Amino acid sequence: MAKLPDLSTSRKAEIVAQFKQVLDNHLNDFMAGRVDKMYELKDIADIICLHPVHLSKVIKLETGHHACYFYEQRILLEAKKLLADTALSIKTIAYKLDYDESNFTKFFKRFTGITPSLYRKSIS
C-alpha cells in the first residue's frame, strides 16, 4: 500500500512560503515608498489568516529561524544597497529603513560586525 504524503509538513512549507512572499512584497512596497510603515508579524499573520503565535511557531519549526530573522536579513540587504550610494547620508538611510541613526548603526553592526560607515568605506 502506498504511503500518503505528510500533509502537515507540506502545509508548514506552504505557510513559510506565504510568509516570505508577503514579507517580500511588503518590503518592496516599503522601499518604493508605497507604504510608510513596516508590518509587524501580526499584520502578516492577518493577511494569511493565521494567529501570529501559530505563524511564528511554524516558521521556527520549518526553518530553524524566528520570523524576525527574515525581516532582519532583508533589511540588511536593503541597507547594503543603500550604503553603496554615497550621496545618501547614513542618517537618511536609517530613516528610510524606519530606524533612528543610532539604532540603525547598532542593528547593522550586530549583523555585520562593522558600522555602516566602515562598511561603506570597505565597498568603495
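Mind telling me which of the residues Leu23, Leu61 ends up being part of a helix (DSSP H, G or I) and surrounded by 13 or more Cβ atoms within 10 Å (Cβ to Cβ)?
On inspection, the qualifying residue turns out to be Leu23.
Among the residues of region 94-121, write down those that are within 16 Å of the chain's Cα centre (by Cα) and either over 28 Å from Phe19 (Cα atoms) or part of a loop (DSSP other than H, G, I, E, B) (or both).
The answer is Leu97, Asp98, Tyr99.
Answer yes if at least one residue in region 77-93 is under 25 Å from Ala13 (Cα atoms), under 16 Å from the mean Cα position of the chain (by Cα), assigned to a helix (DSSP H, G or I) and not small (Gly, Ala, Ser), and no otherwise.
If we filter region 77-93 for residues that are under 25 Å from Ala13 (Cα atoms), which is where we start, we get 77.
This time we only want the ones that are under 16 Å from the mean Cα position of the chain (by Cα), so: 77.
Adding the requirement that they be assigned to a helix (DSSP H, G or I) leaves 77.
Then keep just the ones that are not small (Gly, Ala, Ser); that gives 77.
Yes: one or more hits.
Have a look at Leu83, Leu76, Leu97 and point out the one that is at pLDDT 95 or above and buried (at least 18 other Cβ atoms within 10 Å of the Cβ). Walk me through how you get there before you give the answer.
Working: Leu76 fails: buried (at least 18 other Cβ atoms within 10 Å of the Cβ); Leu97 fails: at pLDDT 95 or above.
Answer to the selection: Leu83.
The values are calculated or read from the model by the stated rules, or taken from the named source; none is laboratory data. Bear in mind that the values here come from a model prediction, so they are computed numbers and not experimental data. In this analysis, Cβ positions are derived from the backbone assuming ideal geometry, glycine residues included, and neighbour counts consider all displayed protein chains.
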